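S.K.: One structure coming up, written as structure tokens, with questions to follow.
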Amino acid sequence: MNEERIEQAGCAKRRAAPACHWLNVGVAAALALVVTAAPGRAQDTVPAGVRIGLTYDRSGKPAVALAPVAGPNADSVFAIMARDLDFSDRLTVIRQDSGDAPTGALNYDLYAKLNAAAVVQATVTPTGGLHIAVHEVAGKRVALVMDLPLPSPALSRDWRHVVHIASDSVEWSVLGRPGIASTRIAYTIQYGGAITLVDFDGEGAWQVPGTHDCLSPSWDPTGTKVACNALPEGNSPSRIEVHDLATGRKWTTRATGNNQTAVFSPDGRTIVFSAGSDAQDLYSVPVYSDSAPRRLTSRRGSLNVSPDFSPDGRKIVFTSSILGHPEVYIMDADGSSADLLTSSGFGDDLYRSDPAFSPDGRRVAFQSRIKGTFQVMAISVADKSTVQLTSEGANESPSWAPDGRHIVFVSTRTGRRELWVLDAESSRARQLTHGGRAQNPAWSPRLSFPRQP
């Protein structure tokens, strides 16, 4: 078997941990976020003041009318929010691209004729804030009022991120669950290059300082740190590095041999990675610790790479060549009770690798060679039933979004290696990158507010 191939396949993705809430209290205070619900209505137990449970026909995707935006950079706010809500694949967006922003009382009857469940009004205020109002059409009421300070300068990465947060709050107010617009995807470029972070909509790409020639990025559960394996320098082996996006601090493992394919535990305290020379095993080590890593697997002569934790931290899936070809295995987090997850057999297509747990822990996405070409698959942990999710071009290195229905992966369907996003429920796919040579995508948790070096 091609050992270089399994190592490259292992340098992919990392599941975005679902433990990070859409907006935490500390960030809300830092943002001076003000959210109020419509008066005279009882409140549900949801983030501060957000009213959920709008009245609409739940047999299909509810329609949301996005009214023209008022204020500076209104067109950009409108375009970002319209794209965010559309890319959620949970809402039908009614775009009001032209005309003046509505003022005064809304004509709810008119929006009812358009089959809109909600109307979204956004205004960029003279003081540089973003004012959002969500109207429930059936109830003829204001369901959500929210004010967010927009960072300077306008149209910057941080500015865009706050608009994404507004989109997620709109989705929460309509559906009762947050969106994924406030997430990012980390990836690398073939043949060298720093880790790149890009917004969920494919915009705002930037490189993480100090990550040149890093592979296999992985997010910690808070979205403030990224781990990667740094390529060897001179005679030194490759190392696992953890980069703090807020402070620029870097921590490096002290393990011997080549270190690859690191992933954070769901509590963010531990990293599991592969290490070794001719053969590789999985090891765990506390983050920022000088202690020696603890070996989790012991399979002489085989490659054990690409670990990923279950959301509860109790299980780890990984790729192993113990059978002479790569298959996906599942074991307890302490390294015990390893069991084959994917089906084995005979033939030239026996190659299954790069497993990624879904946020609910029920499925594992992975890549499988089918008729000589890799495709993205999903397998049920409970009964091992398997579904093929892709078929166009070569597709590999899957990573789940925090909503559990979207997957980012590498695809050659356009002739170049680009990142694509798939809605696993509707099979809708969209291209995320356009520069070519993309690899190793990893979807972040929901990011409450950007904190940069």
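S.K.: Inside segment 127-178, can you point out the residues that are in contact (Cβ under 8 Å) with a residue 40 or more places away in the chain, touching a helix residue (DSSP H, G or I) at 6+ places or on another chain (Cβ under 8 Å) and at positive phi?
M.R.: 155
S.K.: Output the qualifying pairs, or none if there are none: Cβ atoms under 6 angstrom, residues six or more apart or on different chains, first residue in segment 237-258 and under 12 Å from residue 285 (Cβ atoms), second residue among the basic types (Lys, Arg).
M.R.: If the second residue must be among the basic types (Lys, Arg), the pairs left are 242/225; 252/239; 253/239.
S.K.: Continuing with this model, one more query. Tell me, please, whether a residue that is under 28 Å from residue 430 (Cβ atoms) and either in the same structural domain as residue 142 (by TED's automatic domain parsing) or part of a loop (DSSP other than H, G, I, E, B) (or both) can be found in segment 234-246.
M.R.: Yes, some residue in segment 234-246 is under 28 Å from residue 430 (Cβ atoms) and either in the same structural domain as residue 142 (by TED's automatic domain parsing) or part of a loop (DSSP other than H, G, I, E, B) (or both).
S.K.: State all residues of segment 228-238 that are out of contact with any Pro (no Cβ under 7 Å at 6 or more places or on another chain) and at pLDDT 90 or above; if no residue qualifies, say none.
M.R.: Step one: filter segment 228-238 for residues out of contact with any Pro (no Cβ under 7 Å at 6 or more places or on another chain), giving 229-237.
Residues satisfying the conditions are 229, 230.
S.K.: Filter segment 311-334 down to the residues that are among the hydroxyl-bearing types (Ser, Thr, Tyr) and in contact (Cβ under 8 Å) with a residue 60 or more places away in the chain, then identify the one that is farthest from residue 267 (Cα to Cα). Walk me through it before giving the result.
M.R.: Filtering segment 311-334 for residues among the hydroxyl-bearing types (Ser, Thr, Tyr) gives 319-321, 329.
From what is left, the residues that are in contact (Cβ under 8 Å) with a residue 60 or more places away in the chain are 319, 321.
Details: 319: 22, 321: 29 Å.
Within segment 311-334, the match that is farthest from residue 267 (Cα to Cα) is 321.
S.K.: Oh, and also: Output the number of residues of segment 206-226 satisfying the condition of being among the hydrophobic types (A, V, I, L, M, F, W, C) and either in contact with a Pro (Cβ under 7 Å, 6 or more places away or on another chain) or touching a residue at least 60 places away in the same chain (Cβ under 8 Å) (or both).
M.R.: Narrowing segment 206-226 to residues among the hydrophobic types (A, V, I, L, M, F, W, C): 206, 208, 214-215, 219, 226.
With the extra rule that they be either in contact with a Pro (Cβ under 7 Å, 6 or more places away or on another chain) or touching a residue at least 60 places away in the same chain (Cβ under 8 Å) (or both), the set shrinks to 215, 219, 226.
Number satisfying all stated conditions: 3.
S.K.: Residues that are under 30 Å from residue 427 (Cα atoms) and modelled with pLDDT of 95 or more: find the strands (runs of 3 or more DSSP E) completely inside segment 51-154 holding 3 or more of those.
M.R.: Values: elements: 63-66, 92-95, 116-124, 129-136, 141-149.
Strands (runs of 3 or more DSSP E) meeting the threshold: 63-66, 92-95, 116-124.
S.K.: Taking residue 380 and the conditions (1) among the hydroxyl-bearing types (Ser, Thr, Tyr); (2) within 19 Å of residue 312 (Cα to Cα); (3) surrounded by fewer than 17 Cβ atoms within 10 Å (Cβ to Cβ); (4) in contact (Cβ under 8 Å) with a residue 24 or more places away in the chain, which numbered condition does it fall short on, given that it satisfies the others?
M.R.: (4)
S.K.: So which residues in segment 189-220 are over 19 Å from residue 157 (Cβ atoms), assigned to a strand (DSSP E or B) and hydroxyl-bearing (Ser, Thr, Tyr), if there are any at all?
M.R.: Of everything in segment 189-220, those that are over 19 Å from residue 157 (Cβ atoms), assigned to a strand (DSSP E or B) and hydroxyl-bearing (Ser, Thr, Tyr) turn out to be 216, 218.
S.K.: Need the failing condition index for residue 350 against (1) crowded, with 24+ Cβ neighbours inside 10 Å; (2) more than 23 Å from residue 219 (Cβ to Cβ), just the number.
M.R.: (1)
S.K.: Please go through segment 240-295 and give me each residue that is acidic (Asp, Glu) and surrounded by fewer than 17 Cβ atoms within 10 Å (Cβ to Cβ), ordered by number.
M.R.: Initial filter on segment 240-295 (acidic (Asp, Glu)): 241, 244, 267, 278, 281, 290.
Matches in segment 240-295: 244, 267, 278, 290.
S.K.: Looking at segment 247-260 only, could you name the residues that are in a strand (DSSP E or B) and not polar (S, T, N, Q)? Give the derivation first.
M.R.: Of the residues in segment 247-260, the ones in a strand (DSSP E or B) are 250-252, 258-260.
Hits for segment 247-260 are 250, 251.
The values are calculated or read from the model by the stated rules, or taken from the named source; none is laboratory data. Note that the structure is predicted; figures quoted are calculated from it, not measured. Positions of Cβ are backbone-derived with ideal geometry, glycine not excepted, and every protein chain shown enters the neighbour counts.
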